[in-house]
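A short worksheet on the structure shown next.
A short reminder: the numbers here are calculations on the coordinates, not readings from a lab. Not measured: the values here are computed from a predicted model. Virtual Cβ from ideal backbone geometry, glycine too; neighbours counted across all protein chains shown.
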Amino acid sequence: MDASDQAARHLARNLVSLRHTRSLTQETLARAAGVPRSTVANLESGEGNPSLAVLVKVASALGAPIDELLAPPHAKVRQWRAADIAGRTSGGVSLRPLVPEPVPEEMLTVMEFAPKGSMRGTPHLPGTREFFTCLRGRVTIFVAGARHDLNTGDVLAFPGNVAHFYQNPDAQRGAHGVSVVILAKAGV
């Protein structure tokens, strides 16, 4: 077996594994990558001979580096440095993904609250559930106007489609929490 046959086998196996891990169909992956579904099917069968542009599109849609698509069998271990995980700030609340790879139908976010930091939550589709765990300090969450005070270790579950607002009531200390949003499927 020559090197190109081995690379095609590695690509086929890794592509199927990554697609299944992310709960994607061939059609969904093809749409996200901007390639025909037949291209994904050919790559997964080991029959494809993709261009570099196709590999870049597929890897990007999977949230994986190209070398992971082409790598020989090895432990699927990957480490991200904190500086490599993009975050954003809103109203004194720093947000960054808890898991740096796409997780279908879920949003996992680490929330760091400055003293008195606050932010408005984004309502999601009906049927969405949100869970907030206070890991340190105190966080107040208003859900549809009702106030819920959480201390370290407390968890609040609420419908993610209603208006909600997060606030650190402490003027001296920061607070820290994790938000897990389980998204409702569109049309369900």
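Can you compute the charge dipole magnitude of the chain about its Cα centre, using +1 on each Lys and Arg Cβ and -1 on each Asp and Glu Cβ, nothing else charged? Give it in debye, rounded to the nearest 20.
Using only the charged Cβ atoms, the result is roughly 480 debye.
So what is the calculated 222 nm ellipticity per residue for the chain, using -39500 (n - 2.57) for each DSSP H run with n of 4 or more, over all residues, to the nearest 500 deg cm²/dmol?
Working: 5 runs with 52 residues, N = 188.
It comes out at -8000 deg cm²/dmol, rounded to the nearest 500.
Based solely on C-alpha atoms, express the radius of gyration and the Dmax of region 3-70 in angstrom.
10.3, 30
Across region 52-58, in residue order, what do the Karplus-derived ³J(HN,Hα) couplings come to in whole Hz, using 6.51 cos²θ - 1.76 cosθ + 1.60 with θ = phi - 60° and x for Gly and Pro?
4, 4, 5, 4, 4, 4, 5
What Kirkwood Rh does region 82-182 have if only Cα atoms enter the pairwise 1/r average? Answer in Å.
Numbers: mean 1/r = 0.0736 Å⁻¹.
Over region 82-182, the inverse of the mean reciprocal pair distance is 13.6 Å.
Amide H to amide H under 5 Å from SER90: which residues, 5+ apart in sequence or cross-chain, H placed 1.01 Å off N in plane?
So SER90 has HN proximity to LEU95.
Taking the Cα centre of region 82-182 as origin and charging only Cβ (+1 Lys, Arg; -1 Asp, Glu), how large is the dipole, in debye to the nearest 20? Intermediate values should be presented prior to the final figure.
Values: 9 positive and 9 negative charges, 78 e Å.
Rounded to the nearest 20 debye, it is 380 debye.
Please identify every one of the GluC sites (Glu not before Pro) in region 1-87 that sits in a loop by DSSP and has no more than 16 other beta carbons within 10 Å of its own beta carbon. Write out the running numbers ahead of the final one.
On the way: sites: GLU27, GLU44, GLU47, GLU68; in loops: GLU47.
Those that pass, being in a loop and sparsely packed, are GLU47.
Enumerate the amide H contacts of GLY160 below 5 Å, restricted to partners 5 or more residues apart or on another chain; note that Pro and chain-start residues carry no placed amide H.
THR128, ARG129, GLU130
What percent does the relative contact order of region 75-188 come to when contacts are Cα pairs within less than 8 Å and at least six residues apart? Before the final figure, lay out each step's value.
Values: 277 pairs, mean separation 36.1, N = 114.
Relative contact order of region 75-188: 32 percent.
Just to confirm the number: angle between the C-alpha axis of helix 3-21 and the first principal axis of the chain, 0 to 90 degrees, nearest 10?
30
Could you please rank LYS116, LYS57, LYS185, placing first whichever residue has the fewest other Cβ atoms within 10 Å of its Cβ? Don't skip to the answer; put the middle values down first.
On the way: LYS116 14, LYS57 18, LYS185 9.
Listing LYS116, LYS57, LYS185 from fewest to most nearby Cβ atoms yields LYS185, LYS116, LYS57.
Provide GLU106, GLU112 in ascending order of the number of other Cβ atoms located within 10 Å of each residue's Cβ, fewest first.
Working: GLU106 12, GLU112 20.
Least to most surrounded, the residues fall as GLU106, GLU112.
Based on Cα positions only, what radius of gyration and what Dmax would you give for the chain, in angstroms?
Reported Rg and Dmax, both Å: 20.8, 67.
When the distances between all Cα atoms of region 140-188 are binned every 10 Å from zero, what whole-number percent does each bin get?
Taking every Cα pair in region 140-188, the percentages come to 20, 51, 23, 6, 1.
Can you find, among SER51, PHE131, ALA163, the residue sitting farthest towards the positive end of the charge dipole of the chain, where Lys and Arg contribute +1 and Asp and Glu -1 at Cβ?
ALA163
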